[in-house]
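**Student:** Attaching a single structure in structure tokens format; questions to follow.
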Amino acid sequence: MTTIRSNTAKFTVVLTLGLVAVTLSTWKVARVRAFNPQPDPPGKFLMVGLTAGQTLRLNVVNLNTDPERQIPPPCRVVLSFRDAAGHVIDDPSGQPIRRTVELLAGESASLDLNGDQLGGTGDTLLTRFEVRPFVRVLFQPDPGNLPPPCRANAEVFDNSTLRTSLLVPGGN
């Protein structure tokens, strides 16, 4: 009698564990995802290393293919480059390297940062400079409307051969 009770108890435990395992393996967990009503800017970039002899080019394009239909509105953005502290990088004359553009359907624009102009002179010359391409949207349509179909990317190319060594798509 004790053997039957022991076997029944073991069977009950094994059956319960089996049912729990089957339930857990087939149970689908519903995940909640948040919706961001504000679209991201057309170009979010990480830091990019640049050396003398290289140029970092920031490109932005309005992918709207119908020039007669300007809905959504044109892309209005400011292109610039930032250092590790988030400051806009200046050219050798002390002026910020930046460009404000309004791109209609099919238009594009770019902004270059020449690595030969970075760093210091003589012993203080930097051999590598970390920069972040930066695109700031000047006009954002109403949250209910679609954003302009603008996209950005950045590329690093060699000044002498003009060969691209790095292409970085902007985050959307």
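**Student:** Taking the range 64-78 as the search range and keeping residues that are in contact with a strand residue (DSSP E or B) (Cβ under 7 Å, 6 or more places away or on another chain) and modelled with pLDDT under 85, which one is nearest to A109 (Cα to Cα)?
**Tutor:** Filtering the range 64-78 for residues that are in contact with a strand residue (DSSP E or B) (Cβ under 7 Å, 6 or more places away or on another chain) and modelled with pLDDT under 85, the one nearest to A109 (Cα to Cα) comes out as C75.
**Student:** Residues in the range 86-108: is at least one at pLDDT below 85 and open to solvent by 80 Å² or more (accessible area, probe 1.4 Å)?
**Tutor:** no
**Student:** Now for a different question. For the range 36-51, state whether one or more residues are of a type in the set (F, W, Y) and either at pLDDT 90 or above or farther than 23 Å from R136 by Cβ (or both).
**Tutor:** No, because not a single residue in the range 36-51 is of a type in the set (F, W, Y) and either at pLDDT 90 or above or farther than 23 Å from R136 by Cβ (or both).
**Student:** Now, a different point. Given the residues D112, D83, which is the only one that is among the acidic types (D, E), modelled with pLDDT of 90 or more and touching a Ser or Thr at 6+ places or on another chain (Cβ under 9 Å)?
**Tutor:** After applying the criteria, what remains is D112.
The values are calculated or read from the model by the stated rules, or taken from the named source; none is laboratory data. Please read all numbers here as calculations on a predicted model, not as lab measurements. Ideal geometry is used to build each Cβ from the backbone, glycine not excepted, and the neighbour counts take in all protein chains shown. Calculation scope for accessible area: heavy atoms of the full protein, side chains included, ligands and nucleic acids excluded. Shrake-Rupley method; radii C 1.70, N 1.55, O 1.52, S 1.80 Å.
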